[in-house]
1. Output yes when any residue across region 28-48 is loosely packed, with under 10 Cβ neighbours inside 10 Å and free of Cβ contacts under 8 Å to residues at least 24 places away in the same chain, and no when none is.
2. Mind checking which residues of region 1-25 are surrounded by fewer than 10 Cβ atoms within 10 Å (Cβ to Cβ) and assigned to a helix (DSSP H, G or I)?
3. Looking at Glu65, Glu52, which one is of a type in the set (D, E, K, R), modelled with pLDDT under 95 and surrounded by 10 or more Cβ atoms within 10 Å (Cβ to Cβ)?
Amino acid sequence: MNSDEKARELMAQQHLKNEQRHQTMVNRAAEVEQTHHEENIDEKARESLAQERKHEETKKESMLERSIEEIS
């Protein structure tokens, strides 16, 4: 193999490594984005559940107050 062929081979290997690095970075970015998306969904679900619980508690308190008023 002459020096030109060796140089082309080394350039091709470097190009392949660069493509692999780029793909790895793209994959990692996609994973991070997916993780953030899932965390946001989890946070929204927790907030929704907390609001639902608060609503149920308020509803129970209201019903209790009404029943006390009716008894009185």
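1. No, region 28-48 contains no residue that is loosely packed, with under 10 Cβ neighbours inside 10 Å and free of Cβ contacts under 8 Å to residues at least 24 places away in the same chain.
2. Taking region 1-25 as the starting set, the residues that turn out to be surrounded by fewer than 10 Cβ atoms within 10 Å (Cβ to Cβ) are 1-5.
Those that are surrounded by fewer than 10 Cβ atoms within 10 Å (Cβ to Cβ) and assigned to a helix (DSSP H, G or I): Ser3, Asp4, Glu5.
3. That would be Glu65, the only listed residue that is of a type in the set (D, E, K, R), modelled with pLDDT under 95 and surrounded by 10 or more Cβ atoms within 10 Å (Cβ to Cβ).
The values are calculated or read from the model by the stated rules, or taken from the named source; none is laboratory data. Computed from a predicted structure; not experimentally measured. When we count neighbours, we look across all protein chains shown, and the Cβ atoms used for this are built from the backbone with ideal geometry, even at glycine.
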